[in-house]
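Working notes, structure below.
Every read-out reported here was derived from the displayed coordinates using simple, explicitly stated rules and does not represent laboratory data. Every value quoted in this text rests on a predicted model; they were computed, and no experiment measured them. Cβ sites come from the backbone with ideal geometry, for glycine too, and all protein chains shown count toward neighbours.
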Amino acid sequence: MDVDSDSDISVFGDEDPRVKGKGKGKASEKPKKGKVKRKAKEQAYTWEASYTRSWDTVQEDETGSLQGAVEDLMARDRRRRLLAPAAAIRRTIIRHLVLILDLSNSMMDRDFRPTRFDLTLRYAREFVTEWFDQNPLGQIGVVGMRSGLGERIGEMSGNPQDVLRSLSDRAKLEPTGEPSLKNAIEMARGSMSHLPTQSSREILIVFGSLTTCDPGNIHETLEVCTKSRIRISVVALAAEMKICRELSDKTGGKFGVAMNEGHFKDLLFELVPPPAQHATIRNAGSGSGLPPADLMMMGFPTRLPDTSPPSLCACHSDLKSEGFLCPRCMAKVCDVPTDCDICGLMIVSSPHLARSYHHLFPVKPYEAVASLDYTSQSTSACHACARPFPAAHLSGVVTEGLSPLGRYRCPDCHHDFCTECDVFVHDVVHCCPGCGK
């Protein structure tokens, strides 16, 4: 008995003596549990499971090249955006947005390369450029959160160069201290309190911390923003916080947690198109739930040539030749769109007004072609760029809106377009080259 007891101890190690004599089956299960624990230590987070054997999704072609697989993944990602409904939705084309950036110590973490701070600044510049391209009548202001305070980085401006200039000086935006959501939101709300009711008031927060240092009750600020119809959207870089989710849900904004660099950029650029107006409860006698349409007074200025005599502008008091004349008071302003500093008239140019129109009536999404019908008008090249379509099978299966032939057909004019022209028409041109709709 003593020999058996010694042999059991040598086999099972430090096992509990109460389970010594339960057979070899239990002994064989010990290494399996050890493997499970070792695997759990190697895979510390549950989201790491999504990256397991990710290389299996990329398949080589007959020549051993990965170019076709990479292009297929890129085209699949581009087409996913175009599957959204294209019905006419009432939107606000005159937008006012305050971009709040987290400048606390947590932005120096390196889970986003090179750091959260550097990546946020780079994506913020790209976001501002794309935002003004799609919303030429809007204005953007920039506010930072650091050392428990809200710091105004850039004034509300309709000139993208002014906003980009405020985001270009990295030394002045060095992260420090803790963020304060309440102070930053109060500063952003104060800068939009004088805006007219027909324009949208939005706040976009890029938040990388897990704490907020507030001097008071932030829920009171949330109630004030809800009454003022200020839409708050939050892009979190660390994790979801309950207060951030409430800020977005109760004000009608969007909330998302960035999983990687590409997802971070997608979350930002989802906020570029104007938000749809939600139906509100009105009087019983009114039929529609939407607010009534209001007429706005705008002025189309006269552009001064570079050879005109120099004069002082009303906005900066600079002596220059070029500029624009207000049609009401004949005051000189530097850029449009803007509000006249003398009479308060909104000054816009007709191209800006036309570019804002496409959000109200977007181009219909092109249909993915699954097979070629030679009885109809089927060409061998793209109707827009005249580049030949790739040689492929005569039929296939449409998956996730992606055509196996690389052809996308307009439902009105029935012309075929390639993938690049499909995305270019819907994102940049906003007008079909075949039918002009």
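Here are the numbers for this structure:
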{"quantity": "Per-peptide average of other Cβ atoms within 10 Å, ordering 310-319, 141-150, 355-364 highest first", "calculated": "141-150, 355-364, 310-319"}
{"quantity": "Positive-end residue of CYS326, LEU304, ALA354, charge dipole of the range 298-356 with Cβ unit charges", "calculated": "ALA354"}
{"quantity": "ASN260/GLU322 FRET efficiency (R0 41 Å; Cβ-Cβ; nearest 0.05)", "calculated": "0.40"}
{"quantity": "Label-point separation in nm, HIS430 to GLU126, each point 7 Å along Cα→Cβ", "calculated": "2.2 nm"}
{"quantity": "Electrostatic dipole magnitude of the range 298-356 [Cβ: Lys, Arg +1; Asp, Glu -1; Cα centre; debye, to 20]", "calculated": "180 debye"}
{"quantity": "Inter-site label distance for MET296 and HIS358 at 7 Å from Cα along Cβ, in nm", "calculated": "1.9 nm"}
{"quantity": "For the range 95-285: relative contact order, % (alpha-carbon pairs under 8 angstrom, 6 or more apart)", "calculated": "23 percent"}
{"quantity": "Label-point separation in nm, THR63 to ARG165, each point 7 Å along Cα→Cβ", "calculated": "5.0 nm"}
{"quantity": "Viscosity 0.692 mPa s, temperature 37 °C, Stokes-Einstein D of the range 137-247 from Kirkwood C-alpha radius, µm²/s", "calculated": "223 µm²/s"}
{"quantity": "Coordinate range along principal axes, alpha carbons of the range 298-356, Å, largest first", "calculated": "32, 23, 16"}
{"quantity": "Long pairs among LYS172/LYS242; LYS242/LYS265; LYS227/LYS265; LYS254/LYS437; LYS182/LYS242; LYS182/LYS254, criterion Cα-Cα beyond 20 Å", "calculated": "LYS172/LYS242; LYS242/LYS265; LYS227/LYS265; LYS254/LYS437"}
{"quantity": "Full-stretch length increase - LYS172, SER228 - with 0.36 nm per residue and alpha-carbon distance subtracted", "calculated": "17.0 nm"}
{"quantity": "Ranked by how many other beta carbons lie within 10 Å on average, peptides 208-219, 406-417 from highest", "calculated": "406-417, 208-219"}
